[in-house]
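The values are calculated or read from the model by the stated rules, or taken from the named source; none is laboratory data. These numbers come from a predicted model, not from an experiment. When we count neighbours, we look across all protein chains shown, and the Cβ atoms used for this are built from the backbone with ideal geometry, even at glycine. Please note that ligands, DNA and RNA were not included when accessible areas were found on the heavy atoms of the full protein model with its side chains. Shrake-Rupley method; radii C 1.70, N 1.55, O 1.52, S 1.80 Å.
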Amino acid sequence: MPKYKLVYFNSKGRAEVTRLLFHLGGYDYEDFRIRDGQWNTKYKLEMPCKQVPVLFIDGQLLTHYQSLYGQTNLQCARIDAVMDVCNDLRYSLGKWFSTEDPEEQESCVRVLKHEEAPTVCINLETLLGQNNGGDGYFVGDTICLYFVIFNLSEPLYIDDILGKYPKLSALFDRVASNEKVSEWVKKRPVTKY
Ligand SMILES: N[C@@H](CCC(=O)N[C@@H](CS)C(=O)NCC(=O)O)C(=O)O
């Protein structure tokens, strides 16, 4: 089996999907978390795009997730669409992380809570409704790659909004109660983000 090394910060962020995929697939990997304040002076310089997450396979880079994707091209396209929608939650959040100005941070939270998160929830509930009337999953009849993004990206910023979207909220609960997912949530290091 190849040797996997996932490099990221000690937070969930953009690496959590991959960590959960490894867990679901039962793969051994090195969950390398940068904790020592050496990002700018050391690790950043070693990363091909000067950002993380980066997954090394036997020292080489993997550019795409290889499991839990769709079974058909159409399913893959739908999963891509769901993941793109989820990505829209990252704009203000990214700005929030990159500033220490309290006013700017407050403005980011406002945009996130009142504009971005509601739009994302509406769009996700619409996409969800296109499969099995919204009472199942986005594609097929089980979890796959997309779900991890929104289930594990911080419910902290959409928790109070989510209640307005019953089908989406029920999907969160379905995913969270998946045996493997809950196993990982219990097992992972506790981090603020
Ligand atoms: N498009 C990239 C974005 C990666 C990205 O924004 N990474 C952030 C952490 S979430 C990062 O490395 N920030 C540190 C830096 O840019 O110096 C991806 O999806 O992997």
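Scoring R33 on the criteria (1) part of a strand (DSSP E or B); (2) within 11 Å of the ligand (Cβ to nearest atom) leaves a single failure, condition (2). Residues that are over 18 Å from I161 (Cα atoms), open to solvent by less than 50 Å² (accessible area, probe 1.4 Å), part of a helix (DSSP H, G or I) and within 15 Å of the ligand (Cβ to nearest atom) within segment 71-128 comprise M83, G94, listed in sequence order. Test V109 against the stated conditions and say whether it is closer than 14 Å to D84 by Cα and at pLDDT below 90. Criteria not met by V109. Taking the residues in segment 38-59 that are in a helix (DSSP H, G or I) and without any contact (Cβ under 8 Å) to a residue 24 or more places away in the chain as candidates, determine which candidate is nearest to the ligand (Cβ to nearest atom). Here the residue is K44. Here L93 meets the list (1) modelled with pLDDT under 85; (2) not assigned by TED's automatic domain parsing to the domain that holds C121 almost entirely, failing just condition (2).
There is no residue in segment 13-32 that is touching a residue at least 40 places away in the same chain (Cβ under 8 Å) and more than 22 Å from K180 (Cα to Cα).
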